[in-house]
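> My questions all concern the structure below.
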Amino acid sequence: MIVYFNGKFLELDDVKISPFDRGFLYADGIYEVIRTYYGKLFRYADHLERFRNSLKAIKINFVETDILENNIYKLFEVNKYSNPNLSIYIQVTRGVSFPRKHSFPPDEVRATIFICVSPIENDALMIDKGIKVILEEDIRWSRCNIKSISLLPAVLANQHAVEEGAEEAILIRDEYLMEGSHTNFWGIKNGEAWTAPLSNFILPGVTRTVILEICNSIGIKVSEQAIHKSDIKNFDEFFISGTTTEIKSVTQINGRIIGNGKTGEITGKIYNAYLKYVEGKSWF
Ligand SMILES: Cc1ncc(COP(=O)(O)O)c(C=O)c1O
């Protein structure tokens, strides 16, 4: 696999990262995950905006954002994947500095950038089966709107889900269901789609934005409100969303089956509209 690392296109095995890279020492960096549909970057402008916002939020001075898109397309070219559905992982850290010191290194220290591209096996054409999730206390920090590489609470929550035979952990803060460990969370009540409002407690998902647009266009009302734990029983359907996850219906929460245990009608409508959209067709 050819990857992009600090201005060069290299074989993955030729990449050398210093143990004094601040990403390694402090998780002092941010990342972004983008995908393609049919060989084209999906909602690139939204991802770029979030990437820039994350950099700004943690004050990393990284100036290469204008050539990012070219570098990504170059990676498609050199890797020659036959699968047109690719996932693009981009990580930027504050760079290498010695000795180890919490405060920022001098301005001349360059940020480290790494980009890799890999095929997505479960693409949009797969039939949505429905997944199990568990509820987990949200022990993350209060800047969840930054796509930080400091992901330990999300890793532990998702690992707990896997150990329980589930796919995702939905994180609860002050009794409210905020989002998944790596997805946004949605519920449907009386035909209305609920999802937590944008704040410093959730990541502003690009797929979330697309779904909001879809709901607007196909006449599904949206309530940007987090669901209270005690209100779960009043919801008819649930689903999660994310770039590589796309839309997956949630048919079990903490072992309790939702509705008839199958993908609900509204979730199905949104999912179908999403598939049409990514295929470049209108969702009307
Ligand atoms: C915590 C969290 N929420 C939501 C999402 C979904 O965001 P997007 O739709 O942009 O992939 C992600 C994606 O990685 C995430 O990590």
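> Which ones in the stretch 144-177 are open to solvent by less than 40 Å² (accessible area, probe 1.4 Å), of a type in the set (A, V, I, L, M, F, W, C) and over 15 Å from Val250 (Cα atoms)?
Cys144, Ile146, Ile149, Ala154, Ala157, Ile172, listed by residue number.
> Right, next: Return yes or no: is Val210 modelled with pLDDT under 95 and buried (at least 16 other Cβ atoms within 10 Å of the Cβ)?
Working: modelled with pLDDT under 95: no; buried (at least 16 other Cβ atoms within 10 Å of the Cβ): yes.
Answer is no for this residue.
> Ok, one more. Could you grab the pairs with beta carbons closer than 9 Å, sequence gap of 6+ or different chains, first residue in the stretch 4-18 and part of a helix (DSSP H, G or I), second one open to solvent by 90 Å² or more (accessible area, probe 1.4 Å)?
Short answer, once both residue conditions are applied: Asp14/Lys8.
> Go through (1) open to solvent by less than 40 Å² (accessible area, probe 1.4 Å); (2) not assigned by TED's automatic domain parsing to the domain that holds Glu11 for Gly95 and report which single condition fails.
Against the list (1) open to solvent by less than 40 Å² (accessible area, probe 1.4 Å); (2) not assigned by TED's automatic domain parsing to the domain that holds Glu11, Gly95 comes up short only on (2).
> I've got another one for you. Residue by residue through the stretch 165-216, note down the ones that are without any contact (Cβ under 8 Å) to a residue 40 or more places away in the chain, in a loop (DSSP other than H, G, I, E, B), within 19 Å of Arg50 (Cα to Cα) and out of contact with any strand residue (DSSP E or B) (no Cβ under 9 Å at 6 or more places or on another chain).
Pro197
> Looking at (1) open to solvent by less than 20 Å² (accessible area, probe 1.4 Å); (2) modelled with pLDDT under 95, which is the only condition Gly280 fails?
Gly280 satisfies all of (1) open to solvent by less than 20 Å² (accessible area, probe 1.4 Å); (2) modelled with pLDDT under 95 except (1).
> Quick check on the stretch 217-230. Is at least one of its residues within 25 Å of Glu49 (Cα to Cα) and in contact with a helix residue (DSSP H, G or I) (Cβ under 7 Å, 6 or more places away or on another chain)? So that I can check it myself, show each step before the final result.
Applying the first criterion (within 25 Å of Glu49 (Cα to Cα)) to the stretch 217-230 yields 217, 222-226.
Okay, now just the ones that are also in contact with a helix residue (DSSP H, G or I) (Cβ under 7 Å, 6 or more places away or on another chain), so 222.
Looking for residues that are within 25 Å of Glu49 (Cα to Cα) and in contact with a helix residue (DSSP H, G or I) (Cβ under 7 Å, 6 or more places away or on another chain), one finds at least one in the stretch 217-230, hence yes.
> So, one more: Note down all Cβ pairs under 8 Å where the first residue falls in the stretch 30-47 and is assigned to a helix (DSSP H, G or I), the second is of a type outside the set (A, V, I, L, M), and they're at least six residues apart or on different chains.
Sorted first by the residue in the stretch 30-47, then by its partner, the pairs are Tyr44/Glu69; Asp46/Thr209; His47/Glu32.
> Quick check: anything in the stretch 160-169 within 12 Å of the ligand (Cβ to nearest atom) and in contact with a Phe, Trp or Tyr (Cβ under 8 Å, 6 or more places away or on another chain)?
First, the residues of the stretch 160-169 that are within 12 Å of the ligand (Cβ to nearest atom): 168-169.
Still in the list and also in contact with a Phe, Trp or Tyr (Cβ under 8 Å, 6 or more places away or on another chain): none.
No: the stretch 160-169 contains no residue that is within 12 Å of the ligand (Cβ to nearest atom) and in contact with a Phe, Trp or Tyr (Cβ under 8 Å, 6 or more places away or on another chain).
The values are calculated or read from the model by the stated rules, or taken from the named source; none is laboratory data. What you see is a predicted model, and the numbers here were worked out from it, not measured in a lab. Note that each Cβ is placed from the backbone with ideal geometry, even for glycine, and that neighbours are counted across all protein chains shown. Ligands, DNA and RNA are stripped out before the accessible areas are found, and what is left, the full protein with its side chains, is counted by its heavy atoms. Shrake-Rupley method; radii C 1.70, N 1.55, O 1.52, S 1.80 Å.
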